[in-house]
Amino acid sequence: MLCIKNGTVIDGISDVPYKADILIDKGKIIHIGENMGNAADEVIDATDKWVLPGLVDSHCHLREPGFEYKEDIGSGTRSAAAGGFTSVACMANTNPVVDNAAMVNYIKSIARAKGVVKVYPVAAVTKGLEGQELTEMGELKEAGAVALSDDGRPIMNSQLMRLALQYAKGMGMLIISHCEDLSLVGDGVMNDGYMSTVLGLKGITRAAEEVMVARDIILAEVLDAPIHIAHVSTRGSVELIRQAKRRGVKVTCETAPHYFCATDEWVDGYNTNAKVNPPLRTSDDVEAVKQGLKDGTIDIIATDHAPHHRDDKEVEYSLAANGISGFETAFSLAYTHLVETGILSIQELVQKMSKRPAEILNIDAGTIQVGKPADVIVVDLHRTYTVDVSKFYSKGKNSPFNGCTLKGKVIHTIVDGKVVMKNEKVII
Ligand SMILES: [Zn+2]
Ligand SMILES: [Zn+2]
């Protein structure tokens, strides 16, 4: 038995935090109350610390199979554990693509063998992510895919997207849409605006994202089907989703920390670690994303953890790969930029990083409750530290936040009752 003692608990259910001990046995939370340390053979002292449900990431890239030089399921899930994530949903753009039941089973078996946290595969909407032919959604669901997405590539053909939403609705599956109109992106490599002009780089109009957000909302509305919009980055997208929700469209969405912590000014100096898709936007967009988080338009925060090898980033800006290694900074970035600034309460942050993503993915996680899986993290909200990518567990050191001073650090991570990170060290 494991006891987490003397912490302040935010369970994802109650409105107010409370002091309690949490007793864990056989992977489950068996009791929440006072003075329970005596019953346990292992005790974690959480005095002056906060005890939260393990974080749930609806969107990451673990790169295995095919790109193990960037990340693999072992290194990726250790990185997730270090960031406080106990459940992660990984995207299908591996090689081979996760577009059939055998590949879903393959990811699950590697995750069972090497995974430090729980891994939930997201399968492709179209075969080979080619946007031509739909996958066998029923088989994918049966094999254990939690959602469907061609993330990394948009589904440009609107009729195919319409059919995909219709079939997915029939199967009770959620489509996660990477919104990008490739004809508008052209050969753009950063946000189109003042900075792209200053740097002499080809810009990507915000319309490339917003046109597709609008299209997907309209398709979902016509079919009364659910849709989840990935990585919302612009004021216009936030407003389109806000209006759609008011009309009752079954749309949910996520943003990622870099869209509320960084702007296209970070590209200055041709910083390839600030190259991401969709691109970093302007301070006005950052404000809109924060407002969207505050008023509930943006349901959740995902990492879009996209680790790359240095060879993919240490090249000319326009040739560099898109993506940020995000697991190990996500909680601290969100705490520093949203909670410390008064935009969200810590309880609201728990909703956006644990409870709601679990609900959207329909997985048994995201709260601290008796009888539920013991996925728990202990965080120190007083702790200030400087990000050092050389200490990342991820193989991907590509983060524009290297050297930033942040507040709020994950100290212990417990997955199914097993301590996988103790005193900031991943121990398995
Ligand atoms: Zn994407
Ligand atoms: Zn992605």
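Of the residues Ser196, Ser183, the single one that is over 22 Å from Met91 (Cβ atoms), surrounded by fewer than 18 Cβ atoms within 10 Å (Cβ to Cβ) and either within 16 Å of ligand 2 (Cβ to nearest atom) or among the small types (Gly, Ala, Ser) (or both) is Ser183.
Restricting Ile324, Ile360, Ile343 to residues that are in contact with a Lys or Arg (Cβ under 6 Å, 6 or more places away or on another chain), touching a residue at least 24 places away in the same chain (Cβ under 8 Å), more than 20 Å from Met421 (Cβ to Cβ) and of a type outside the set (Gly, Ala, Ser) narrows the list to Ile343.
Taken over the range 275-304, the criterion of being away from ligand 1 (no atom under 16 Å from the Cβ), under 19 Å from the mean Cα position of the chain (by Cα) and assigned to a loop (DSSP other than H, G, I, E, B) is satisfied by Gly296, Thr297, Asp299.
Selection over the range 218-233 of residues that are crowded, with 24+ Cβ neighbours inside 10 Å and either part of a helix (DSSP H, G or I) or away from ligand 1 (no atom under 13 Å from the Cβ) (or both) gives a count of 2. When Gly172 is tested against (1) within 16 Å of ligand 2 (Cβ to nearest atom); (2) on the phi > 0 side of the Ramachandran plot; (3) surrounded by fewer than 16 Cβ atoms within 10 Å (Cβ to Cβ), exactly one condition is not met: (1). Asp284 meets all of the listed conditions (1) closer than 25 Å to Gly83 by Cα; (2) more than 15 Å from ligand 2 (Cβ to nearest atom); (3) surrounded by fewer than 24 Cβ atoms within 10 Å (Cβ to Cβ) but one, namely (1).
Within the range 183-200, the residues that satisfy the criterion of being in a helix (DSSP H, G or I) and within 16 Å of ligand 1 (Cβ to nearest atom) are Leu184, Val185. Restricting attention to the range 257-274, the residues that are out of contact with any Lys or Arg (no Cβ under 8 Å at 6 or more places or on another chain) and part of a loop (DSSP other than H, G, I, E, B) total 6. Scanning the range 347-393 for residues that are surrounded by fewer than 24 Cβ atoms within 10 Å (Cβ to Cβ) and among the hydroxyl-bearing types (Ser, Thr, Tyr) gives Thr367, Thr384, Tyr385, Thr386, Ser390, Tyr393. Give me the residue from the range 242-256 that is surrounded by fewer than 24 Cβ atoms within 10 Å (Cβ to Cβ) and touching a residue at least 40 places away in the same chain (Cβ under 8 Å) and, out of that set, nearest to Met353 (Cα to Cα). Taking the candidates together, the pick is Thr252.
Tell me yes or no: at least one residue of the range 315-332 is of a type in the set (Ser, Thr, Tyr), under 19 Å from Lys352 (Cβ atoms) and outside the structural domain of Gly408 (by TED's automatic domain parsing). Yes.
In the range 346-382, how many residues are more than 27 Å from Thr47 (Cβ to Cβ) and outside any helix (DSSP H, G or I)?
Going through the range 346-382 one residue at a time, the tally reaches 3.
Look at (1) assigned to a helix (DSSP H, G or I); (2) touching a helix residue (DSSP H, G or I) at 6+ places or on another chain (Cβ under 9 Å) and you find that Ser318 fails only one, number (2). Residues that are within 29 Å of Asp268 (Cβ to Cβ), assigned by TED's automatic domain parsing to the domain that holds Arg206, in a helix (DSSP H, G or I) and not acidic (Asp, Glu) occur at least once in the range 172-182. Among the residues making up the range 137-155, a single one is surrounded by fewer than 15 Cβ atoms within 10 Å (Cβ to Cβ) and either outside any helix (DSSP H, G or I) or within 16 Å of ligand 1 (Cβ to nearest atom) (or both): Gly144. Confirm whether Lys26 is surrounded by fewer than 22 Cβ atoms within 10 Å (Cβ to Cβ), among the basic types (Lys, Arg) and over 20 Å from Ser109 (Cβ atoms). Against the criterion (surrounded by fewer than 22 Cβ atoms within 10 Å (Cβ to Cβ), among the basic types (Lys, Arg) and over 20 Å from Ser109 (Cβ atoms)), Lys26 qualifies.
The values are calculated or read from the model by the stated rules, or taken from the named source; none is laboratory data. None of these values were measured; they are calculated from a predicted model. Positions of Cβ are generated from backbone atoms using ideal geometry, with glycine treated the same way; all protein chains shown enter the neighbour counts.
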